[in-house]
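Student: A single structure is presented below for examination.
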């Protein structure tokens, strides 16, 4: 892992106040993403790291303001943040360190303002979320919130990255990650009055929200959870296959978070219907063969990226 001061230099961040803003960004991501942060600091090229972290910090803070339980939502806070971001995009300045760092990344790496506004609009729509009526509602939220969340760090990594975005890959990786997260957070979401599974699916299995909130593992509940796990596993397998065929830069960006979700899904499958009663813990000790395969794939991707950069 390269020293943070050298990472900032590699990323072209030389102005001292701006370096302080990016340092605040790194501290924020380390706090809210304690598993992802070390992986990004270790795997990503140093020149990308300040910018990927700035985009992730912006996306995460925006998501946290919008994705609150119904009883704790405060639309005013979200809209004040969105207005501050929009004002910053216009003026180039902001009172917030997270926004100032992100604005610099947007400017130097050519991140389209339209994509930022689209993400803010998608999250604004999330303020009124009460549940999915149908699968179509789930996919609508996926495309307006989850995919843009994943895309922002990808298109912020370096100049020109926004022109090379692989939308189909992002969609399938976002779908896999979202399905795993919804299963892992099942018990916590129920306690907070949220449910991230379509009502049409519950009806098909003959269960109600009250059945899930009661924590009873009836045959119908077990069948529903098994079905949701199988859906997540199918999408995860498709995402893993798509990532194997992706270019080196995409593999460096997306493999670490997808591997984490894959291991989390394994824990979910082992826990079964008990996920409606207790939160799933991430297994951070993959099998030696999986660890070696992941390390070799990451190393090959790092070498390919370094070779391409040397030729350009």
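Each value in this text was obtained by applying a stated rule to the coordinates, not by laboratory testing. Since the model is a prediction, treat every value here as computed from it, not as a measurement. For neighbour counting, all protein chains shown are included, and Cβ atoms are generated from backbone atoms with ideal geometry for every residue, glycine included.
Student: Springs between alpha-carbon atoms under 10 Å, Gaussian network over the chain: tell me which of 140, 244, 204 tops the mean-square fluctuations.
Tutor: It is 204.
Student: Give the value in nm², to one decimal: projected area of the alpha carbon convex hull of the chain, averaged over all directions.
Tutor: Values: hull surface 63.7 nm².
Average projection, Cα convex hull of the chain: 15.9 nm².
Student: Next up: Using helices alone, what [θ] at 222 nm do you get for the chain, with -39,500 (n - 2.57) per DSSP H run of 4 or more residues, divided over all residues and rounded to the nearest 500? Before the final figure, lay out the partial values.
Tutor: Numbers: 16 runs with 220 residues, N = 312.
Calculated from helices alone, the mean residue ellipticity at 222 nm is -22500 deg cm²/dmol.
Student: Let me ask you something else. How far, in degrees from 0 to 90, does helix 75-91 lean away from the longest principal axis of the Cα atoms of the chain, to the nearest 10?
Tutor: That helix lies at roughly 20 degrees to the long axis.
Student: Rounded, prolate or oblate: which fits region 181-231, taking a ≥ b ≥ c as square roots of the Cα gyration tensor eigenvalues, rounded meaning a/c under 1.5, else prolate when a/b beats b/c?
Tutor: Values: a/c = 1.43, a/b = 1.19, b/c = 1.21.
Rounded.
Student: Between 0 and 90 degrees, rounded to the nearest ten: what's the tilt of helix 49-66 against the longest Cα principal axis of the chain?
Tutor: That works out to roughly 40 degrees.
Student: A further question follows. Which distance in Å, rounded to a whole number, links the C-alpha centroids of region 1-50 and region 203-217?
Tutor: Spelled out, the Cα-based centre of one part sits 44 Å from the other.
Student: Under 8 Å for C-alpha pairs, at least 6 residues apart: give me the relative contact order for the chain, rounded to a whole percent.
Tutor: Working: 363 pairs, mean separation 53.1, N = 312.
Computed over the chain, the figure is 17 percent.
Student: Right, here's the next one. Sort 22, 28, 96 so that the residue with the fewest other Cβ atoms within 10 Å of its own Cβ comes first and the one with the most comes last. Intermediate values should be presented prior to the final figure.
Tutor: Working: 22 28, 28 21, 96 17.
Final ranking by Cβ density, sparse to dense: 96, 28, 22.
Student: Sticking with this one: On a 0 to 90 degree scale, rounded to 10, what angle separates helix 219-244 from the longest Cα axis of the chain?
Tutor: 30 degrees
Student: Specify the inter-centroid distance of region 233-279 and region 80-152, based on alpha-carbon positions, in whole Å.
Tutor: Computed from Cα coordinates, the inter-centre distance equals 24 Å.
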